[in-house]
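The values are calculated or read from the model by the stated rules, or taken from the named source; none is laboratory data. Note that the coordinates shown come from a computational prediction; the quantities given were computed from them, not determined experimentally. Positions of Cβ are backbone-derived with ideal geometry, glycine not excepted, and every protein chain shown enters the neighbour counts.
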Amino acid sequence: MNEATSRPDSEGVLRAVIVERPGAAVAAILFGLIAIAAMLAPLIAPTNPFDLASLDVLDAELPPRWVQGSDPSFLLGTDAQGRDLLSAILYGTRISLLVGVLAVAIQATIGVPLGLLAGYVGDRLDNIVSRAADIQLSLSTLMMAIIALALFRAALGGESLSRYAVPLLVVVIGLAEWPYFARTARAATQVEAAKDYVRAARALGASDLGIVGRHILPNILSPLIVVATTQIAGAIMAEAALSFLGLGMPVTKPSLGTLIRSGYDLMFAGAWWITVIPGIVLIGLLVSVNVLGDTLRDALDPRLSPR
Amino acid sequence: MSSTRALAAGLAFLARRLTQALLVMLAVLVIAFAVRTSLGDPLREIVGEAVPEAEREQLRHELGLDAPWPVQLARYIGGALHGDLGTSTIYKKPTLEVVPAKFPASFELVLGASLIVLLLSLPAGVYCAVRPRALGARLILGLSVLGISIPVFLTGIFLITIFAVWLGWLPAFGRGETVHLGGWETGLLTLSGLRHLILPALTLSSIMLPLFIRLVRGAMLDELGHDYVRTARAKGAAPLRVWLGHALRNALLPLVAVGGLQVGTLIAYTLLTETVFQWPGMGFLFLEAVTRADIPLITTYLVFVGLLFVITNTIVDILSLMLDPRITLEGTR
């Protein structure tokens, strides 16, 4: 499964990727830029958007610099609270990415061990895990997340929802989608477990735990990485949708979805940038992650290999 | 003889499915009851805050609200069977009048979007499967990645900006004029209603379309790899006939099964679309209930969504049974 051994010339591989899949190369660069900018937000953002004391209502709804009536100190303009939009977007992207990655980490932590177990042990355990995965998947994540957060909000009020928004979003999005990891891990484990090297390891006296952890897991990583990529896009999208509905990040600590929602009310009064600019960033982020995931999947799909 | 056996098997299947559906609905009602008793105070819904505590105690006893929870649960389920799931605190009406009244709006939105999805995803998906390396197929798949990556609420916002704000061609909010047909409030019979439907239906279809194009493509790719396709081609059947008559027919089975699993997702996306377009459907109502903590309305919505879910899944199961050629063959032989 090691790319380097089959193709020793890594520079050639890179060139081949760029020529054959220019979209993937662009997506990788775009994702890299967004991710780095988001991670460095505290260093590169002109202001701290969470510091409510520094906001001035007189600065509210200023347009971006290239539009008439702007203030040169705000490159992308300001939102309804007078917050610098560029800073809000940088910090918001950070929150969106954080929620996405943490939620997928939870999914993988639950799903991968269950899938390994189901695929390796088989029989009744396999049945139970597969049935549970089917049931969980038939209940749509987004719907379950909406219901869970709605009940939380109805029970404890919008105030508590705002305070615990990040952990709540991570848990709600994280718990619901483990079956994707479990199914992939299970199918790949079944294939690997039948191979000679596993039988050889067993003949040499390796424990089951050792075989699964040291031999099978490293060999099923590539399909799992594909799943993780698409799941991150899904989790970012789910977070944005929940925040747009007012069930996610609060206005005081906005994610991209919150910014889009808060700008939507003002859109028809002319302040389009508060919605459109975070919207474009969100789409850029999602498209790049999805294109990367698709490229990885196609590269691993035997049905699409040239005959 | 064998046809009666097939009929019996079909009836047994139907009975099993219906029992399962009833059990799921029972579970949904138990959850709704749990939410209702832990989050809401039925007494406050009836008398409000102003009544003194001693009188409350008295009322609580008279209404049986101090009974042990199994008794109350039984009463709740009994009420549900008689069409009573409580009274909405916002609308001051039985929730089972409020929620179903919003159903036609959501249903017509989903219907419009499904038509668009069906008409476009089948040809596009088949084309992408039979010509995987053609420029057109790559273009469709590229656009479908874009479609999957644009959150449904942003599609809605962009469509409103272009067609309602800039061009002024189509209305942006609400359902327009509606007509009452019996108990069903439809927007499909007036020009204004149809014009109001276009943008929301396009928005909702934009998120389901890429998903279904990929589903059709995946299912077709699976079928095209089978021997019977090669056999049909070898004996001289026209390619179009093999693709549509043989492969697509068999691809429909996994398509219906997987597509049926998307009901929950569809309901969630409908909720988002309704929020963007202020479409007066069930999802819009649910969010209003959440913001104003109308617990009976929230739980009734949950029960209703559970019911929709169970009904569609049962229909999908029966459809799968009907589409499965192995079972049909057994019945006709």
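Looking at B:THR265, B:THR291, which is the one that is over 16 Å from the mean Cα position of the chain (by Cα), facing chain A (nearest Cβ under 8 Å), surrounded by fewer than 21 Cβ atoms within 10 Å (Cβ to Cβ) and closer than 21 Å to A:LEU149 by Cα?
B:THR291
Every residue, every condition in (1) more than 18 Å from B:ILE298 (Cβ to Cβ); (2) at pLDDT below 80; (3) loosely packed, with under 11 Cβ neighbours inside 10 Å, yes or no:
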position: B:VAL28; (1), (2), (3): no, no, no
position: B:PHE33; (1), (2), (3): no, no, no
position: B:LEU43; (1), (2), (3): no, yes, no
position: B:GLU53; (1), (2), (3): yes, yes, yes
position: B:PRO68; (1), (2), (3): yes, yes, yes
position: B:GLY86; (1), (2), (3): no, yes, no
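Given the stretch B:214-333, what helices (runs of 4 or more DSSP H) lie entirely inside it while holding 2 or more residues that are more than 30 Å from B:LEU11 (Cβ to Cβ)? Before you say what the answer is, go through the steps one by one.
Values: elements: B:227-234, B:249-260, B:263-277, B:282-291, B:295-323, B:325-332.
Output list reads B:227-234, B:263-277, B:282-291, B:295-323.
Only one residue in A:ILE225, A:ILE216 is away from every other protein chain (no Cβ under 14 Å), more than 27 Å from A:LEU30 (Cα to Cα) and in a helix (DSSP H, G or I), so which one is that?
Exactly one residue qualifies, and that residue is A:ILE216.
In the set B:THR19, B:THR37, which member is part of a helix (DSSP H, G or I), at pLDDT 85 or above and either out of contact with any strand residue (DSSP E or B) (no Cβ under 8 Å at 6 or more places or on another chain) or loosely packed, with under 14 Cβ neighbours inside 10 Å (or both)?
Among B:THR19, B:THR37, only B:THR19 is part of a helix (DSSP H, G or I), at pLDDT 85 or above and either out of contact with any strand residue (DSSP E or B) (no Cβ under 8 Å at 6 or more places or on another chain) or loosely packed, with under 14 Cβ neighbours inside 10 Å (or both).
What's the number of the only condition in (1) modelled with pLDDT of 85 or more; (2) more than 11 Å from chain A (Cβ to nearest Cβ) that B:PRO151 fails to meet?
(2)
Residues to consider are A:GLY205, A:GLY248, A:GLY210; find the one that is farther than 30 Å from A:ASP84 by Cα and in a loop (DSSP other than H, G, I, E, B).
When all the criteria are applied, what remains is A:GLY205.
In the stretch B:160-177, what count of residues is obtained for those that are crowded, with 21+ Cβ neighbours inside 10 Å and more than 10 Å from every other protein chain (Cβ to nearest Cβ)?
1
Tell me which residues, restricted to the stretch A:241-259, are closer than 17 Å to A:VAL171 by Cβ and at the interface with chain B (Cβ under 9 Å from one of its Cβ atoms).
Within the stretch A:241-259, A:ALA241, A:LEU247 meet the criteria.
For the condition more than 12 Å from every other protein chain (Cβ to nearest Cβ) and either among the small types (Gly, Ala, Ser) or in contact with a strand residue (DSSP E or B) (Cβ under 6 Å, 6 or more places away or on another chain) (or both), what is the one hit in B:GLY156, B:GLY136?
After applying the criteria, what remains is B:GLY136.
Does B:LEU120 satisfy the condition of being modelled with pLDDT under 85, surrounded by fewer than 22 Cβ atoms within 10 Å (Cβ to Cβ) and of a type outside the set (Phe, Trp, Tyr)?
On the way: modelled with pLDDT under 85: no; surrounded by fewer than 22 Cβ atoms within 10 Å (Cβ to Cβ): yes; of a type outside the set (Phe, Trp, Tyr): yes.
Criteria not met by B:LEU120.
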